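The values are calculated or read from the model by the stated rules, or taken from the named source; none is laboratory data. Fair warning: this is a prediction, and the values are worked out from it, not measured in the lab. Here the Cβ is made from the backbone with ideal geometry for all residues, glycine too, and neighbour counts use every protein chain on show. In case anyone asks, the SASA skips ligands and DNA or RNA and just uses the protein heavy atoms, side chains included. Shrake-Rupley method; radii C 1.70, N 1.55, O 1.52, S 1.80 Å.
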Amino acid sequence: ETKSPAFLQINPLGKVPAIDDNGLILREHEAILRHLVRTREGTKAFLPDDIKVQALVDQYYPFHHFAVRPHVIHYFMGSASLLPESTFDKEKAQKQVEETLKTFETVFLGDKKYLAGDQITIADFSAADEILQLYHATDIDFDRFPKLKAYVENYLNDPVILEINKPIIELAKKK
């Protein structure tokens with residue numbers, strides 16, 4: 001479907017995420033999230049006007065794009081045998097992803113419930129999207145990261161979040 005002519009009009013790269021919101025075409029995850037919380041009723045809490053909260057969200061995203069996302073995807077895909085064996089060094093990939101999780105836990109999460117405080121923000125949507133792949137479908141031991149484990153469990157306590165994440169949870173149960 002992402003290679004269909006209609007979709008390629010929205011994103012010539014043929015990749016998701018991408019939206020056409022009344023003629024405004026956006027192709028990047030963070031831009032889409034920011035746009036939706038600014039334009040949709042009932043979503044303001046995910047990126048409130050509080051400057052400090054916004055700064056914490058902004059602070060997280062470079063780490064997400066350059067560490068969390070690439071390390072998690074590499075480990076997840078390698079663990080699921082979706083990468084050629086010659087390109088996946090499990091020991092090295094596990095070390096990278098565990099260092100990334102430790103940094104996430106100590107530097108970005110700290111003593112907060114979520115990345116920017118007590119409420120879920122768009123930064124948490126992005127972080128959890130990646131981390132839940134590890135949590136549900138790999139052999140990473142989250143008991144070694146107690147704050148991160150609590151973060152994931154708090155996040156999944158939200159019924160809407162839990163519903164959205166059912167596909168990855170169901171996939172993990174099949175393993």
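Values computed for the structure shown
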{"quantity": "The range 119-148: number of residues that are open to solvent by 10 Å² or more (accessible area, probe 1.4 Å) and closer than 21 Å to PRO48 by Cβ", "calculated": "4"}
{"quantity": "Test: residue in the range 61-74 that is in a loop (DSSP other than H, G, I, E, B) and exposed (fewer than 13 other Cβ atoms within 10 Å of the Cβ)", "calculated": "no"}
{"quantity": "Subset of the range 149-175 [surrounded by 14 or more Cβ atoms within 10 Å (Cβ to Cβ) and either touching a strand residue (DSSP E or B) at 6+ places or on another chain (Cβ under 9 Å) or under 16 Å from ALA137 (Cβ atoms) (or both)]", "calculated": "LYS149, TYR151, VAL152, ASN154, TYR155, LEU156, ILE164, ASN165, ILE168, ILE169, ALA172"}
{"quantity": "Failed item, numbered, when SER86 is tested on (1) in a loop (DSSP other than H, G, I, E, B); (2) farther than 24 Å from HIS136 by Cβ; (3) open to solvent by 80 Å² or more (accessible area, probe 1.4 Å)", "calculated": "(1)"}
{"quantity": "Contacts under 6 angstrom Cβ, first residue in the range 113-138 being within 13 Å of GLN59 (Cα to Cα), partner among the hydroxyl-bearing types (Ser, Thr, Tyr) and surrounded by fewer than 22 Cβ atoms within 10 Å (Cβ to Cβ), 6 or more apart", "calculated": "ASP124/TYR114"}
